[in-house]
Structure formats: C-alpha cells, structure tokens
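First comes the structure, then the notes that go with it.
Every number in this text was worked out from the coordinates using simple rules, so none of it is lab data. Since the structure is predicted, the reported quantities are computational estimates derived from the model, not experimental observations. Heads up, the Cβs are rebuilt from the backbone with ideal geometry, glycines too, and the neighbour counts pull from every protein chain shown.
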Amino acid sequence: MAIQWFPGHMNLTKKAISERIKDTDVVIELLDARLPGSSANPMLAELTGSRPALKVLNKQDLADPARTALWLTHYNSQPVTRAIGLDASETTPARRLIQACRELAPLRGGMVKPMRVLICGIPNVGKSTLINTLTGKRAAKTGDEAGITKLEQRISLADDFYLYDTPGMLWPRIIVAKSGYNLAASGAIGRNAFNEEEVALELLDYLIQHYPKAVEARYALKIPSGMKDEQLLEEIGRKRGALLGKGRINLQAAAEIVIHDFRNASLGRITLETPEEFAAWLKAGQTLDAERQVKKDAIELKRLIKFKRIPRPQA
Ligand code: G4P
C-alpha cells in the first residue's frame, strides 16, 4: 500500500506562499540531502514559477557525500538555480546563504531594493533548526512530530537582506510510491500515517542493492546473494533479540530498529536516491497518475450521464 499524507493546514500555507511570492526575489527550498527528489515539493515550483531558486541540501552530515555531490551538480545545471549542502554543525550558515542568493539575484541589494527571500521546506527537514541558528535563538521548536503551524516571520540576515519563513508546511500529493517510503523512513511523515514494517522492507530492499556493506557492518551479518528484504529483516530481528517466543521474530520491533538506525545514521551516511533514479520514478509515477485520472474522469462522466446531468454523447 502506497503512502498518502496531506496535513490539514496545507491550504493556509499555499495561500501564504502565493501572497508572499509577489514580493520575493529568491526562493530557498530546504531539501533532505538523503532524499532530495522525494523531499522536494512540485507544488512549490507551481507557486513560485520562474523565481530564482536556491536548493539547500540540508542534513548533509547524514547523507552519502558522493551522492550529495551528484545532486548539487544536478541542481546547479538547472536555469536560475543554485544548490548548496548544509547541516546543523555549521554555526554561521548565513554567509553562504546570503552569497548564493546574491548570485541568483544580483540586481537586488542595498536599502532601496533589499533582497527578499522566502524559505520553504517539508516537515522535519530542519527548517526550525536552521532558522534558530540564523537568529541565534535556542531551539524553540524542534521535534519529530511533523507539521506544526506557525505565523510568518521576517528574519533580517543583513541590513538589506530579509528572509521570510512561511507558516506551516507544503505537502504534495505523493505520486511516486518510492518517495512515500523514503519520506516515511526519513521521519518526514507522521508516524501514524505509515506501516513501519512496510517502510523498513522498502528501505532494506534499497540497502541490499546499494549499501550492503553498511548493513553487514551494522548488524554483524552476511547478506548472501539473492537475499530478500523479508529474510534480511528477520535476520536483523534475530540478531537484535527482537523475538516473540517459540522462535518467532518480532518484525515490528525489527522494523523500528532499522528505521531508527537509518534516521540517526547508525548505518552510516546513506542517500536513498540519485538524480537519475528519481527522474525514472517520477516518470513512472506521473504515467500511473495520468492513467488513474483518465479512469476517474470516465467514472465521473458515466455518473453524470446516469443521473442525466449531461446528455449522452451521440454515437
Ligand atoms: P522542521 O522545522 O523542518 O520541521 O525541522 P526541525 O528543525 O524541527 O528538525 C527536525 C529534526 O532534524 C530535529 O531532530 C533536528 O535536530 C534535526 N536536524 C535538523 N537539522 C539537522 C542537520 O543538519 N543534521 C542532522 N543530523 N539533524 C538535523 P529531532 O531528533 O527531531 O530533535 P532534536 O532532539 O535533535 O532537537
């Protein structure tokens, strides 16, 4: 079952962004460096149009550095787009953010035309942490419960540089099934909206293919060729003493261990998608979505004809 999640305050966020965008010079989108494609928001692109964009690959301390480099190259090759990697260990990120924005909008600056920057990101991507660092405040709101609404705030990063933080979070309809699983694994989705076992299996399936050594080292086991994600989850459960009695494995507990280990990088620095992989998933997801829409439209048309809301088309 694919993951669907859409927090209730989305419309408020959409409205706030579309109002703010009129007076915005650069849009900063915070992405999770472990899943840049899945943590991006297609709805944001629609709302911000052709505004210069700064993609910040946040939590780079948890991500695979070689893959972060791939994503940075990918974004930096797009028109009016820059990308930088960042993590919470950077105590003065303002300088790099300001510099990247100035490069994107060189005509803005000075007291007459101050730079106006909008910062957006999906829940749990580290926006509050970054803003707290920028404002020099102690963490006011950080926590792993996704999606807490707040009011717009303006942060002055220099005399002629304003950063606007949007209230609430934007969340797209998840049309790429794999994105749903990656977002759940990362902690971006509220824990009641997914099944841990399913998410852990998807995660292990990817790790077997791309990071087998990391799994072997973490759980002191060997992954024989052809091993399936279900077998690996059982093996991890056995190794970690997640047992139910009579030799049965507690798969729920094993799944929680795997997800926890991924989230805090106990498995090492891992990135769950490359630009090419994500592009392929997106294409497949869009095709499926279009097919679903055609089916839905056909059902709706039948319904309208049945209840005589519109005339039957002539043969
Ligand atoms: P949000 O406003 O975008 O929803 O995210 P928030 O800043 O609340 O951060 C969500 C979690 O991500 C927090 O962890 C925070 O510490 C962690 N985090 C933020 N930036 C980074 C980073 O660059 N690297 C790493 N490794 N973690 C980061 P938490 O466990 O939910 O809370 P806490 O106990 O750590 O504060």
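Taking a ≥ b ≥ c as the square roots of the Cα gyration tensor eigenvalues, with a/c under 1.5 meaning rounded and otherwise prolate when a/b beats b/c, else oblate, which class fits the chain? Since a/c reaches 1.5 but b/c is at least a/b, the shape of the chain is classed as oblate. Quick one: net charge of GLY121's neighbours, Cβ under 9 Å, K/R +1, D/E -1? My count for the surroundings of GLY121 gives -1.
Highest mean packing first, where packing is the average number of other Cβ atoms within 10 Å per residue, the peptides 277-288, 262-273 line up as 262-273, 277-288. Distances between placed amide hydrogens fall under 5 Å for MET115 paired with GLY109, GLY110, PHE161, TYR162, all partners being 5 or more residues away or on another chain.
One equal scatterer on each Cα of region 8-165, no solvent, Debye formula: the resulting log10 I(q)/I(0) at q = 0.19, 0.21 Å⁻¹ is -1.34, -1.67. Could you point to the residue in PRO275, GLY37, THR166 farthest towards the positive end of the chain's charge dipole, with +1 and -1 charges on the Cβ of Lys/Arg and Asp/Glu respectively? Positive-end residue among those listed: THR166.
Pair-distance distribution of region 27-116: all C-alpha pairs, bin width 5 Å, starting at 0; shares per bin in whole percent are 3, 14, 24, 24, 19, 11, 4, 1, 0. Taking 0.36 nm per residue of separation and subtracting the Cα-Cα distance, full extension of the segment from ASN264 to ARG240 would add 6.9 nm. Please report how far the C-alpha centroid of region 242-271 lies from that of region 170-198, rounded to the nearest whole angstrom. Taking the Cα centre of region 170-198 as reference, the centre of region 242-271 is 17 Å away. Under 12 Å from the Cβ of ASP297, count the other residues' Cβ atoms, weight Lys and Arg +1, Asp and Glu -1, and hand me the total. Value of the local net charge: +3. From the alpha carbon centroid of region 207-225 to that of region 278-315 is 43 Å.
Whole-Hz Karplus values for region 256-262 come out as 5, 4, 4, 5, 4, 5, 5 Hz, taken residue by residue from phi with 6.51 cos²θ - 1.76 cosθ + 1.60 and θ = phi - 60°; glycine and proline positions read x. With a simple spin-label model that places each label point 7 Å from the Cα along the Cα-to-Cβ direction, the separation between LYS302 and GLN314 comes to 2.5 nm. For region 172-234, the list of trypsin sites (Lys or Arg not before Pro) that fall in a loop by DSSP and count at most 14 other C-beta atoms within 10 angstrom reads ARG173, LYS222, LYS228. Here the calculated FRET efficiency for MET227 and LEU107, from their Cβ-Cβ distance with R0 = 51 Å, stands at 0.35, rounded to the nearest 0.05.
How much net charge surrounds LEU70 when only the other residues with a Cβ under 11 Å from the Cβ of LEU70 are counted, with Lys and Arg +1 and Asp and Glu -1? Kindly include the intermediate steps, with their values, before the conclusion.
Working: positive: ARG67; negative: ASP64, GLU273, GLU276, GLU277.
With Lys, Arg at +1 and Asp, Glu at -1, the net is -3.
Restricting the calculation to Cα atoms, every distinct pair contributes to the Kirkwood radius of region 236-301, found to be 15.6 Å.
Taking each of LYS14/LYS283; LYS283/LYS306; LYS127/LYS228; LYS15/LYS178 in turn, the alpha-carbon distance tops 31 angstrom for LYS283/LYS306; LYS127/LYS228. For region 195-263, the Kirkwood radius over C-alpha pairs fed into Stokes-Einstein at 4 °C and 1.567 mPa s yields D = 110 µm² per second.
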